[in-house]
1. Give Ala505, Ala474, Ala422 a once-over and let me know the one that is hydrophobic (A, V, I, L, M, F, W, C), touching a Cys at 6+ places or on another chain (Cβ under 7 Å) and buried (at least 19 other Cβ atoms within 10 Å of the Cβ).
2. Could you grab me the full set of residues in the stretch 484-503 that are farther than 26 Å from Ala360 by Cβ and under 28 Å from the mean Cα position of the chain (by Cα)?
3. It is to be established whether one or more residues within the stretch 5-20 are buried (at least 19 other Cβ atoms within 10 Å of the Cβ), closer than 17 Å to Gly82 by Cα, in contact with an Asp or Glu (Cβ under 6 Å, 6 or more places away or on another chain) and touching a residue at least 40 places away in the same chain (Cβ under 8 Å).
4. For a quick check of your reading of the model, give me the residue pairs whose first member lies in the stretch 208-221 and is under 17 Å from Pro245 (Cα atoms), whose second is of a type in the set (S, T, N, Q), with beta-carbon atoms closer than 9 Å and at least 6 apart or on different chains.
5. In the set Val43, Val67, which member is in contact with a helix residue (DSSP H, G or I) (Cβ under 7 Å, 6 or more places away or on another chain), buried (at least 24 other Cβ atoms within 10 Å of the Cβ) and of a type in the set (Val, Ile, Thr)?
6. For the stretch 150-180, enumerate the residues that are surrounded by fewer than 16 Cβ atoms within 10 Å (Cβ to Cβ) and touching a residue at least 40 places away in the same chain (Cβ under 8 Å).
7. Checking Thr119 against (1) more than 16 Å from Glu14 (Cα to Cα); (2) buried (at least 24 other Cβ atoms within 10 Å of the Cβ): exactly one of these is not met. Which one?
Amino acid sequence: MNGARWLAQALVSEGVDTLFGYPGGTIMPFYDALHGAPELKHVLVRHEQGAAFAANGYARASGRVGVCVATSGPGASNLVTGIADAMLDSVPMVIITGQVPTSLMGTDAFQELDVFGMTMPMVKHSFIARRVDDLPMMVGEAFRIARSGRPGPVLIDLPKDVQNADASHLPRHASFGTDAVEAPLDASLHEALALISQAQQPVVYGGGGIALGDAVQAFRTFVDATQIPTVLTLKGLGALPTAHPLNLGMLGMHGSRAANLAVQGADLLIVVGARFDDRATGKLAEFAPHARVVHMDIDTCEIGKLRRADAGVRGDIVTTLTKLTLPCAAHLHGRHGNARKAWRAQCKETARLHAARYDAPGDSVYAPALLKRLSELAPNAVVACDVGQHQMWVAQHWCMDHPRKHLTSGALGAMGFGLPAAIGALVALDEQQDRSKQVICVSGDGSIMMNIQELATLKRYRLQVKIVLLDNQALGMVRQWQELFFDKRYSEVDLSDNPDFAAVAAAFGIQSLHVDRADGVEAALQALLAADGPVLLHVAIDTAANVWPLVPPNRNNAEMMDASPAADVITTTSFHTSPTETPNALPA
């Protein structure tokens, strides 16, 4: 029993059953220990970044801690982007990296890298094991920290000599569990209730913390009981089903008109597990200019960080929403009831007037229509997105019914996320033996090339990920911004020399399909979903296609650029009212 074998058994005791990784010199003792740990399934990716993103997708889809493993030096540094993504999107992960023996640390030994220092700004905590006796505390603390409170990644850097050291004297590992979540203070709940009862034009603003706090049902109950119009962030999508009559859609830079106009006209924002991200708020000083703020979050640091909260409710979101639901419903259906009814009707009418259209002219494939139809054909699917125009089209047009079915790199915006995250999600579903769900990866021709080597992982494990590759032969989002804000000076966005993606898929042993006409979309989607094994659907779309609407930089969310599917004319709609008060907001 050496340190590596003890660690393998400890992972099993923590409930880990899957690791994503890539072996190398300083982590070899641990990989040797995997031979004696049949309870641990190891998924060999083809690049360490793929391991981090796969563990990330596993954690997002399942709610459990994702675990990835790599060797020292370049193995550890290749994990960094995935670690940063987990930190910024609050994803529970434990990262295990090999390290040179303790006697060589600090000597610039082969493949030595200070991964502890390098990752310090992007983890909840880091550990370096200096001796084998450190392992019980480190492993227990790593998992406790990763999944407690606001989740996040934790690093364990493991020197090779510690892995090889005798561990026969160490006790069998016992999990430290998860910290209990504090309940909100009664005083803060009373403050929130007072503001909500006075509001005539309230809006619920839901974010990623709803899923992280297992508060989806409590959130839906609150919205149904209070009948308050609701907007969602990118990571909050699915907290309220897309078709829900009170769901106005996503707010922010590429949000819906209904959502953005409602927020700009609201007199109260009830913020649930969201953090006033700049992509959601637009110009912060002009965001929701007439609204007071009730801010519910588990993380004290987020409350009042960017926008002063008139009532800050720190603690468990489920408890908060549950305690507020009935009192709020009673107040809202009494005093100011007629005003709130008129506000609700106004929001719904705005949503109706500005509903997305899918009747684009011409014979070419209209990506929003394709994605909406795919979500209808696969209503129980988990969708993993890369980053770019296709990511926003999914957010705008996919019919979502739970946030854990929408995996996307939100705060970091990391290209290359989609394919390995889909791998992690599918492994998680396989473990749960949930055969009712499919996993679909939506990528672009720019993003897919970032981690295209993971097609080999799909093939090896016959993971039935369905890949929809939207190919516009450009870095679409950058091209759109250069068109609109840089006088069409297109710089380094041309991808017209893309490889033949069907041939690439074939080289990896994966079947492919192709569609380039609107009248072929239905048959292509049916074939994609019916295919056995992994399959890639290559979709040729117009290079000039843009994502609408769009809030330009340094503008408020009511000032949206748009273009109808039938014309290229851009219009800007401004929302003008007379503010009753000036919000207390920090500079953007």
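1. On the way: Ala505 fails: touching a Cys at 6+ places or on another chain (Cβ under 7 Å); Ala474 fails: touching a Cys at 6+ places or on another chain (Cβ under 7 Å).
Step by step, each of Ala505, Ala474, Ala422 is checked, and only Ala422 is hydrophobic (A, V, I, L, M, F, W, C), touching a Cys at 6+ places or on another chain (Cβ under 7 Å) and buried (at least 19 other Cβ atoms within 10 Å of the Cβ).
2. Once the filter is applied, which keeps residues that are farther than 26 Å from Ala360 by Cβ and under 28 Å from the mean Cα position of the chain (by Cα), the stretch 484-503 yields only Glu492.
3. Within the stretch 5-20, none of the residues are buried (at least 19 other Cβ atoms within 10 Å of the Cβ), closer than 17 Å to Gly82 by Cα, in contact with an Asp or Glu (Cβ under 6 Å, 6 or more places away or on another chain) and touching a residue at least 40 places away in the same chain (Cβ under 8 Å).
4. Correct list of pairs: Phe219/Thr230; Thr221/Thr322; Thr221/Thr325.
5. Val67
6. Asp166, Ser168, Arg172, Ala174, Ser175
7. Among (1) more than 16 Å from Glu14 (Cα to Cα); (2) buried (at least 24 other Cβ atoms within 10 Å of the Cβ), Thr119 violates only (2).
Rundown of residues vs (1) within 22 Å of the chain's Cα centre (by Cα); (2) under 26 Å from Arg352 (Cβ atoms), yes/no style:
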{"site": "Gly236", "(1), (2)": "yes, yes"}
{"site": "Ala243", "(1), (2)": "yes, yes"}
{"site": "Leu261", "(1), (2)": "no, yes"}
{"site": "Arg292", "(1), (2)": "no, no"}
{"site": "Gly304", "(1), (2)": "no, no"}
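The values are calculated or read from the model by the stated rules, or taken from the named source; none is laboratory data. Here the structure is a predicted model, which means the values were calculated and not measured. Neighbour counts are summed over all protein chains in view; Cβ atoms, including those assigned to glycine, are modelled from backbone coordinates with ideal geometry.
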